[in-house]
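The values are calculated or read from the model by the stated rules, or taken from the named source; none is laboratory data. None of the values given here were measured: they were computed from a predicted structure. Every residue, glycine among them, receives a Cβ derived from its backbone with ideal geometry; neighbour counts consider all protein chains shown. To get the accessible areas, we keep the full protein, side chains included, count just its heavy atoms, and leave off ligands, DNA and RNA. Shrake-Rupley method; radii C 1.70, N 1.55, O 1.52, S 1.80 Å.
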Amino acid sequence: MIPAGAIDCHVHAAPSLWERRHDVPTLLERVRDSPLGGIVLKSHFGNTFEAVRLGRAAVPGVDVYSSLTLNTFVGGLNPSAVELAVETGASVVWLPTFSAANFETDRPYPFRGQTLTVTDDAGELVPEVLEILDVLDDADRRLVLGNGHVSPAETDAVLDAIDERGTAVDYLVTHPDSAFMGLSLADQIELASRGAYVEKCYLPIVKGDVTTEAMAEGIAEIGPERCVLSTDHGQPTNRSPPDAYAAFVEGLRRHGVSASAVERMSRTVPRALLGEPR
């Protein structure tokens, strides 16, 4: 059973250039009628603050958080777009997703644009990413930086810079069990030991990239205090996100993840990352 007040940290909805199962008000109605307490709304096409504000007005009582994704639609690695996201209340900034060079796919994504990397040929962070870290560090509240779809080497470089610069940001490793991310369980354990949070996501299970049993075993090794649960749902061929979240939790519990661990990953840790008292 979903713990009351849980947060799905990675959800998609219409409006979008891609077809989605629900528009934002319908999605929030579904969330309101479930044990979920809220969602982080993500779009590959930019900042979701407008959709979030409209959704909050249409369906009060659901905690819905906006985010920014740094694909080519906002100029890629654009510090000005991050400044606007901070000003408009974003809780999460995602590094490039399907504009990322690491995201190799045969699917004909429309308007993918140039492929982006956060490091140069020498493996050093490009100046724009350092500027983005400065913007996040200067914000009047702590934000989450998600690694999007960038490569393991790029993820390491960003975390190195956060450590070296003492940047006040929480680093979230996005759906690391997706095959294209190239992150082993040992990689995830190492990233968590360095202070990153690891997104345990239902979509890779649905796609067959990982089994529920393997994910449950991975959670035990990483530690639920460094994990957050999400669905990455919203696609028209997948379940409604609240239903998917319930199935995810049920599967984890069936494979030995305790109720207290689920509570921590679904409610305690996400809400702390999103600004509630730690």
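Being surrounded by 18 or more Cβ atoms within 10 Å (Cβ to Cβ) and in a helix (DSSP H, G or I) is the filter here; which residues of segment 193-211 pass it?
If the condition is that a residue be surrounded by 18 or more Cβ atoms within 10 Å (Cβ to Cβ) and in a helix (DSSP H, G or I), then Leu203, Pro204, Ile205, Val206 are the ones that fit.
Output the qualifying pairs, or none if there are none: Cβ atoms under 7 angstrom, residues six or more apart or on different chains, first residue in segment 157-174 and part of a loop (DSSP other than H, G, I, E, B), second residue open to solvent by 10 Å² or more (accessible area, probe 1.4 Å).
From segment 157-174, the pairs are Thr167/Asp137; Ala168/Asp137; Ala168/Arg142.
Of everything in segment 157-172, what is touching a helix residue (DSSP H, G or I) at 6+ places or on another chain (Cβ under 8 Å) and of a type in the set (A, V, I, L, M)? Give them in sequence order.
Val158, Leu159, Ala161, Ile162, Ala168, Val169, Leu172
Quickly run through segment 1-52 and pick out the residues that are among the charged types (D, E, K, R), closer than 15 Å to Gly234 by Cα, assigned to a loop (DSSP other than H, G, I, E, B) and open to solvent by 50 Å² or more (accessible area, probe 1.4 Å).
Within segment 1-52, Glu19, Arg21 meet the criteria.
When you scan segment 111-122, do you find a residue that is assigned to a helix (DSSP H, G or I), open to solvent by less than 10 Å² (accessible area, probe 1.4 Å) and either out of contact with any Phe, Trp or Tyr (no Cβ under 6 Å at 6 or more places or on another chain) or under 23 Å from Asp232 (Cβ atoms) (or both), even just one?
Within segment 111-122, none of the residues are assigned to a helix (DSSP H, G or I), open to solvent by less than 10 Å² (accessible area, probe 1.4 Å) and either out of contact with any Phe, Trp or Tyr (no Cβ under 6 Å at 6 or more places or on another chain) or under 23 Å from Asp232 (Cβ atoms) (or both).
What number of residues within segment 131-148 satisfy the criterion of being open to solvent by less than 10 Å² (accessible area, probe 1.4 Å), farther than 15 Å from Arg226 by Cβ and not hydrophobic (A, V, I, L, M, F, W, C)?
Here the count works out to 1.
Please list, ordered by first then second residue, the pairs with beta carbon atoms under 9 Å, 6 or more apart or interchain, first in segment 1-28 and farther than 23 Å from Arg267 by Cα, second in a strand (DSSP E or B) and open to solvent by less than 20 Å² (accessible area, probe 1.4 Å).
Close Cβ pairs (under 9 Å, with a partner that is in a strand (DSSP E or B) and open to solvent by less than 20 Å² (accessible area, probe 1.4 Å)) amount to Arg21/His233.
Cβ-Cβ distance below 8 Å, separation of 6 or more or different chains: which pairs start in segment 183-199 with a residue that is polar (S, T, N, Q) and end on one that is open to solvent by less than 60 Å² (accessible area, probe 1.4 Å) and outside any helix (DSSP H, G or I)?
Sorted first by the residue in segment 183-199, then by its partner, the pairs are Gln188/Val173; Gln188/Pro176; Gln188/Val198.
Can you find, within segment 158-192, the residue that is surrounded by the fewest Cβ atoms within 10 Å (Cβ to Cβ) among those that are at positive phi and in contact with a Pro (Cβ under 7 Å, 6 or more places away or on another chain)?
Gly182
Out of the residues in segment 235-257 that are hydrophobic (A, V, I, L, M, F, W, C) and over 19 Å from Glu29 (Cβ atoms), state the one that is surrounded by the most Cβ atoms within 10 Å (Cβ to Cβ).
Per the stated criteria, the residue is Phe248.
Among the residues of segment 53-76, write down those that are open to solvent by 40 Å² or more (accessible area, probe 1.4 Å) and in contact with a Phe, Trp or Tyr (Cβ under 8 Å, 6 or more places away or on another chain).
Matches in segment 53-76: Phe73 only.
Output yes when any residue across segment 94-109 is basic (Lys, Arg) and either in a helix (DSSP H, G or I) or surrounded by 15 or more Cβ atoms within 10 Å (Cβ to Cβ) (or both), and no when none is.
Within segment 94-109, not a single residue is basic (Lys, Arg) and either in a helix (DSSP H, G or I) or surrounded by 15 or more Cβ atoms within 10 Å (Cβ to Cβ) (or both).
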